[in-house]
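The values are calculated or read from the model by the stated rules, or taken from the named source; none is laboratory data. Quantities reported herein were computed from a predicted structural model and do not represent experimental measurements. Cβ sites come from the backbone with ideal geometry, for glycine too, and all protein chains shown count toward neighbours.
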Amino acid sequence: MKKPLVMITGAGTGIGAATAKLFAEAGHPLLLLGRRRAKLEELNLPRALCLGVDVRERAEIAAAVTEAEREHGPIDCLINNAGIAPLARIEDQDPAEWRALLDINCLGVMNCMHIVMPGMKQRRHGTILNVSSIAGRKSYPYHDAYGASKAYVHALTEAARRSMASFDVRVIVVSPGLTQSEIETTMLNREAHEVWAARGADIGGGIKPENVARTMLFAYQMPQDVILQEIVITPTRQEF
């Protein structure tokens, strides 16, 4: 049976790349979006449309969706994974970093949801997985603006889940704890990075992105009338 189209943002590295590989193995055609198209193409996945798209640009996202759906049919699953983590204390951070953080982590999620939700609602079928962070549920040092952006994703997901429930569309928030990824390269504050790295060392490092991907595939493969409303996945040794 032909598998439906899956859209993944921030698919070039980390959780996004691991998720793309796993959903490809499960037989799904893919729309992979990321600012670095070359990283997407390096994955060399079958039936994957790889486009260099910034989630801050709604017109680019809409054009990508139109192109992918023309070939593979409607998007049945959106995985909002794109994000950055410029950790710092709010009073020490360049306000320009806030703009990029909020535009990508918050508005980027909304842009993608806004484009795919009407079709899912009309078809009465579909799943949206918003990759947030445990930092959206708990407070951590130097996570001031970042944690706020992820709390936004939690609140947005819950609101959308409730509004889409009567249309049989699932909206799920995924909250990883410390995870191995390239997101640390967006941490420009040296002191914040040192604190973050030390915490990771104390608990034996982060979980593999493949394990986060596996939980998302499991949630997606559940019957459409079953939803895992929130998934929290962390290293076993991560106490808080």
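Answer with yes or no whether ARG170 is of a type in the set (Lys, Arg), surrounded by 16 or more Cβ atoms within 10 Å (Cβ to Cβ) and modelled with pLDDT of 95 or more. So ARG170 fits the description; yes.
Taken together, the criteria exclude THR9 from residues that are under 13 Å from LEU217 (Cβ atoms) and under 14 Å from the mean Cα position of the chain (by Cα).
If you go through the range 1-22 and keep only what is surrounded by fewer than 22 Cβ atoms within 10 Å (Cβ to Cβ) and hydroxyl-bearing (Ser, Thr, Tyr), you end up with just THR13.
Output yes when any residue across the range 82-92 is within 12 Å of ILE8 (Cβ to Cβ), in contact (Cβ under 8 Å) with a residue 12 or more places away in the chain and not aromatic (Phe, Trp, Tyr), and no when none is. Yes, the range 82-92 contains a residue that is within 12 Å of ILE8 (Cβ to Cβ), in contact (Cβ under 8 Å) with a residue 12 or more places away in the chain and not aromatic (Phe, Trp, Tyr). Taken over the range 1-53, the criterion of being out of contact with any Gly (no Cβ under 7 Å at 6 or more places or on another chain) and among the charged types (D, E, K, R) is satisfied by LYS2, LYS21, GLU25, GLU41, GLU42, ARG47.
Restricting attention to strands (runs of 3 or more DSSP E) lying wholly within the range 30-126, give those where 1 or more residues are among the β-branched types (Val, Ile, Thr), within 19 Å of the chain's Cα centre (by Cα) and modelled with pLDDT of 95 or more. Answer list for the range 30-126: 75-80.
Among the residues of the range 52-86, those that are surrounded by 19 or more Cβ atoms within 10 Å (Cβ to Cβ) and farther than 23 Å from ALA145 by Cβ comprise VAL53, ILE61, ALA64, VAL65, ALA68, HIS72, ILE75, ASP76, CYS77, LEU78, ILE79. Of the residues making up the range 2-13, those that are over 18 Å from GLY108 (Cα atoms) and either small (Gly, Ala, Ser) or not in a strand (DSSP E or B) (or both) number 3.
Results for (1) buried (at least 17 other Cβ atoms within 10 Å of the Cβ); (2) in a helix (DSSP H, G or I); (3) modelled with pLDDT of 95 or more, shown as yes or no for each residue.
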| position | (1), (2), (3) |
| --- | --- |
| ARG161 | yes, yes, yes |
| VAL174 | yes, no, yes |
| ALA192 | yes, yes, no |
| GLY204 | no, no, no |
| GLN224 | no, no, yes |
| THR236 | no, no, no |
